[in-house]
Amino acid sequence: MPKRNNNDMVISVVKSIKDKYDTSELEMIDMEKIEQTEPYNSTLPEKSLSIIKADDFSFYYGSKAGVKNISMEIYPFMVTAIIGPSGCGKSTFLRSINRINDLIPNIHVEGKLFVNNQDIYSRQINLVNLRQQVGMVFQKPNPFPKSIFDNVAYGPRLQGIKKRSVLQQTVEESLQSAALWDEVKDDLKKSALALSGGQQQRLCIARALSTRPKVLLMDEPCSALDPIATSKIEDLIETLKNDYTIVIVTHNMQQAARVSEMAAFFCLGELIEYDLTTKIFSNPSNKQTEDYVTGRFG
Amino acid sequence: MKQDKIIQIALTIVALSAISSLVLITVFVFKEGLPIILRVGAKDFFLSGDWYPGEGKFGIMNMIIGSLAVTAGAIIIGAVFGLGCAVVLTQFAPRQLVVILKPAIEVLAGIPSVVYGFIGVVVLVPLVREYLGGPGLSILTSSIVLGIMVLPTITSISVDVIQAVPKSYRDGAIALGATRWQTTHMVILKAAKSGILAAFILGMGRAIGETMAVIMVAGNALELPHSILDPVRTLTSNIALEMGYAAGEHRQALFATGVTLFVIIMILNTIALTISRRSAGKAAKK
């Protein structure tokens, strides 16, 4: 576990216990409400506008399909979790949404994937714009070997912003959104690599937010973190969904249940079931989903 | 157990004899070379350009300048092309091209230096003489020839250090909307900076020690050069050219030239080692 100072530790422990208490209460209330107002057979929420839409989308590495025939809509200002066993294609799908999979040679796609009603695999798409609209947070915190400030300012600088005051403001706002500002504001010149693992991951979130994206993709953002850092990130996800659409891939089913509104279960490259998280975890309609969420397989 | 002991002792002796040859060479060169520096005086030896062995004047300043000028030129050329090659090979070239290009560059290292010198004399010298003026045998010509000779060293070390940059840096930059070139120069080259610097310095060490090719294209004049089109004599050429007939003090002065070269190369290698160790230490901390 990364070193942190004692005070910090006590505060975060107290905070995480308190949060846990609060959210569990909230969850109970929510569950009741949902049970009363929304019977389980009503599936998707009444939102007409999806921000991401996959239409019979398949992704191939060479001749091997990473995901095949995915059709789903992801709704704005919500957390959508993608769950499933290893190698099921959940990361492949996530990484298709900002086309970072393009770095791998010999790939091709079939079907369509829309972000903001734009077909992102069409030839006209501007990849730089796409990636600035669809930010990404990786499994292992990957800050650049630069100062905290330069890490967060990297995105705006790519956009050609040079003015110190503008950069300063963007960095501050992004760090505040990522709940890291108070911990680092006195030492923005410090190397990002000197931060603890959890702080590094929040820095990466701040960095992704610096380009003002609409969507935030998170590829198992907590799998390299300890429980305290994890709970901080989860709290953060909770606040961020007010302003951003979040798609999160996670191995941890408790985490999916805690943070997400919608959940998609992938298996062997196919979308098995996509529904409200509460339904996926309590009353899935597919046998495979049920086996997976109850821990009987995967 | 007994067998182990014997093998251990035998291997230790082999290892020590390899190192002892280094020690012996060092001792010998310094023993032969140092007295003359002391006798002539360090100031007259290093800071005078008068090299008249017959009259007992041994000033090697012009040759030090010659060596440094040729090396600097070589490293500029080698750095531009070597780093360019490394960036293309690691970032932009499709795999099929890398498979051809990388071995091709490494083959450059296997060509004997006399062949480089020969091509320099036959092709480069007339070109320089015709289009740029001067005798053709010059700092510029030697720099170009040496630049090509250090290319494989710089390229292969740079490729290694660039490939050692964690892939997650590239992913992070690309995910923020950086283009390939922005990712390369703002993140990857910055992260590999110290390793690349070490590659340049090792290339420099190679360039300053090269003898045969330089003798053939540098012109070997003893005057102080005034432009890059003037001929020069380097420290190494001086030793190689005069060793055959030197005796007495003259011979000692050539050893002293060797001492100078030895010290310069030692300094360069130490700097390169320190830099690469420091960057390795940094990488280990991550």
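Can you give the relative contact order of the stretch A:95-236 as a percent, counting alpha carbon pairs under 8 Å and 6+ residues apart? Here the relative contact order equals 33 percent. Any idea which of B:62, B:168, B:131 is furthest toward the positive side of the dipole for chain B, if Lys and Arg beta-carbons carry +1 and Asp and Glu beta-carbons -1? It is B:168. Between the amide H of residue B:57 and those of B:52, distances stay under 5 Å, these residues lying 5 or more places away or on another chain, with hydrogens modeled in the peptide plane. At a probe radius of 1.4 Å, figure out the A/B buried accessible area, summed over both chains, and give it in Å² to the nearest 100. Separately minus together, A and B give about 1800 Å² buried. Applying the Karplus relation 6.51 cos²θ - 1.76 cosθ + 1.60 with θ = phi - 60° to the stretch B:89-99 yields 3J(HN,Hα) values of 5, 8, 10, 10, 6, x, 4, 4, 6, 4, 4 Hz, where x marks Gly and Pro. The charge dipole of the protein assembly as shown, taken about the Cα centre with unit charges on the Cβ atoms of Lys, Arg (+1) and Asp, Glu (-1), comes to about 1200 debye, rounded to the nearest 20.
When the solvent-accessible area of the protein assembly as shown is split by element, carbon and sulfur atoms take up 61 percent of it, the probe being 1.4 Å.
Interface residues of the stretch B:138-176, defined as those losing at least 20 Å² of solvent-accessible heavy-atom surface relative to the isolated chain (probe radius 1.4 Å), are listed as B:168, B:169, B:170, B:171, B:172, B:174, B:175, B:176.
Measuring only protein heavy atoms, the 1.4 Å probe finds residue B:181 accessible over about 140 Å². Here residue B:250 sits with roughly 20 square angstrom of accessible surface, probe radius 1.4 Å. For the stretch B:46-285, the number of Lys pairs with C-alpha atoms closer than 24 Å, counting only pairs eight or more positions apart or on separate chains, is 11.
For residue A:111, nonlocal amide neighbours, meaning residues 5 or more places apart or on other chains whose placed amide H falls under 5 Å from its own, are A:58. Whole-Hz Karplus values for the stretch B:249-254 come out as 4, 4, 5, 5, 5, 5 Hz, taken residue by residue from phi with 6.51 cos²θ - 1.76 cosθ + 1.60 and θ = phi - 60°; glycine and proline positions read x.
Against the empirical 2.2 N^0.38 Å (N residues), the stretch B:46-285 has a Cα radius of gyration ratio of 1.16. By the Kirkwood approach, averaging reciprocal distances over each pair of separate Cα atoms, the stretch B:141-256 gets a hydrodynamic radius of 17.2 Å.
Taking all protein chains as they are arranged and a probe of 1.4 Å, the heavy atoms of residue A:222 leave approximately 10 Å² accessible to solvent. Count Lys and Arg as plus one, Asp and Glu as minus one, and take only other residues whose Cβ is under 15 Å from that of residue B:148; the net charge is then -1. Computed on the stretch B:46-285, with alpha-carbon pairs under 8 angstrom and 6+ residues apart, the relative contact order is 28 percent. The mean number of Cβ atoms from other chains found within 10 Å of a Cβ in peptide A:138-144 is 5, as a whole number.
The value of relative contact order for the stretch B:102-172, using C-alpha pairs under 8 Å at least six residues apart, is 36 percent.
Residue-wise HN-Hα couplings along the stretch B:68-84, as the Karplus relation 6.51 cos²θ - 1.76 cosθ + 1.60 with θ = phi - 60° gives them from phi, are 5, 5, 4, 5, 4, x, 4, 6, 5, 5, x, 5, 4, 6, x, 5, x Hz; Gly and Pro carry x.
Evaluate the protein assembly as shown: find the radius of gyration of its Cα atoms, find its Kirkwood radius, and give the ratio Rg to Rh.
1.14
The values are calculated or read from the model by the stated rules, or taken from the named source; none is laboratory data. Since the model is a prediction, treat every value here as computed from it, not as a measurement. Note that each Cβ is placed from the backbone with ideal geometry, even for glycine, and that neighbours are counted across all protein chains shown. In case anyone asks, the SASA skips ligands and DNA or RNA and just uses the protein heavy atoms, side chains included. Shrake-Rupley method; radii C 1.70, N 1.55, O 1.52, S 1.80 Å.
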